1. Where does helix 178-189 land angle-wise versus the long Cα axis of the chain, in degrees 0 to 90, nearest 10?
2. For the chain, what percent of Cα pairs sit more than 41 Å apart?
3. Using the 10 angstrom Cβ neighbour count as an exposure proxy, how do K155, K188 rank, fewest first?
4. Quote the charge dipole size of the chain about the Cα centre in Debye, to the nearest 20; the model charges only the Cβ of Lys and Arg (+1) and of Asp and Glu (-1).
5. Considering only C-alpha atoms, what is the centroid distance from the range 186-233 to the range 144-181, in Å?
6. Using only the alpha-carbon atoms, how far is helix 344-357 inclined from the longest principal axis of the chain? Give it as 0 to 90 degrees, nearest 10.
7. Would you order S221, S274, S311, S287 from fewest to most other beta-carbon atoms within 10 Å of each residue's own beta-carbon?
8. Does the range 269-412 come out rounded, prolate or oblate, given a ≥ b ≥ c as the square roots of the eigenvalues of its C-alpha gyration tensor, rounded meaning a/c under 1.5 and, failing that, prolate meaning a/b above b/c?
Amino acid sequence: MPEHPTLRIQGTKSRSLLGRKIVLGVTGSIAAVRVVELARELIRYGADVYGVMSNAAMEIIHPYTLHYATGHEVITKLMGKIEHVEFLGMEGYADLYVIAPCTANTLSKIATGVSDTTVTAFATTAFGSGIPIIVVPAMHETIYRSPVLKENIKKLKQLGVTVLEPKLEEGLAKIASTEEIILEIERKLSENKLAGKRVLITGGPTVEPIDSIRVLTNRSSGRTGIELAKAAYRQGADVTLVHSKPGDKLRAIREIKVETAKEMVDACMNELNSARAAGNAYDVLISAAAIADFTIPELRDGKIPSGGRVSLTLVPTPKLIAEVRREFPELAIVGFKAEVNVTEEELIERARQKLAKYELVMVVANDLAGGGMGDEENEVFVIRRDDERVKRIKGMKSMIAAEIINELAEVV
């Protein structure tokens, strides 16, 4: 039998879920219209997705829609193949059960052991076999605030279920974004190489004001810092990202927004000191930001008049790694070293010098003459303190970030 056309997109965006079989339960929320997008994105990340629908879900979207989205026949009732056991039983071949969207009715049934729909029967079976469950609620905000529902959510969490909290907007408890759901799935199915670790990451450019309008900055897009934060989270870390770039917030990753080099240094030092004082110190700092080397000592009020010549006095900015190393000698630090138009040997030698000077665990080096800053792709060299070998990584920044985190997990 020929392959379903949908499966031709498998693994086209990422291979992080390649070989993984995910059962996707759909219930009767209007957010069920989002399931096509979610299923196809999971396939693009490499997963094999199988749909299960409740009767209420079929009043929102037709099973043919989910069949198209997944490339597999949809399970709408349990028959002689005992599908819930086939997928999620003791010898079932699914890796994960995701219920998205999950109504309040279904959530409460799962919490109390009721198995009167296909979706809830699959959940009960998954509990019995120890297959992980992720629940993604969607409902009206007033229902979500019900103390009974809150108690059932608490119970599910105590049972080991991951509950991906909704976004409270416009009187609704809206389903989490597709990106957030996939990130949580990747974390659940990863090797969790950084489980229990706290990681502080800097990313993006800094912005140094000249007057009330103009600034000094650089071409950094901030993409590397964001991808590093996601990669560390996937591997089980508790992640804080200090950066200046706007964009959709990933609620799983704590963000601290800054603008200037001084603000970035101060934010990092405050965060490290506060965590240590609270007995929950960070394990790693990844200093990936393109922090300005110079700033303007005095901000000009208003706007400097156009048309004339302007002289600017620049002064050095504080060095984040130097200050952190002085205050936190025990902290594992990953540095970045960017050069322009140098030989590969010179680039690696300068990276090794930085490695030794600041007692880093790892340095990521690249030559910006070949691109990278502001681009979606890059080529970097990873130099580790404990290894004489140099690892070259080339490709999308998401893939590079994943490789950097894999290397980091071996040294912390």
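All of the numbers you see were taken from the coordinates with simple rules; none came from a lab. Worth saying up front: this structure is predicted, and the values here are computed from it rather than measured. Positions of Cβ are generated from backbone atoms using ideal geometry, with glycine treated the same way; all protein chains shown enter the neighbour counts.
1. 80 degrees
2. Summing the P(r) of the chain above 41 Å gives 27 percent of all pairs.
3. Values: K155 15, K188 19.
By the 10 Å Cβ count, ascending: K155, K188.
4. Details: 53 positive and 55 negative charges, 83 e Å.
It works out to roughly 400 debye.
5. The range 186-233 and the range 144-181 have Cα centres spaced 27 Å from each other.
6. Between helix and principal axis, roughly 90 degrees.
7. On the way: S221 18, S274 11, S311 4, S287 25.
Ranking S221, S274, S311, S287 by Cβ neighbours within 10 Å, fewest first, gives S311, S274, S221, S287.
8. Values: a/c = 2.09, a/b = 1.29, b/c = 1.62.
Verdict is oblate for the range 269-412.
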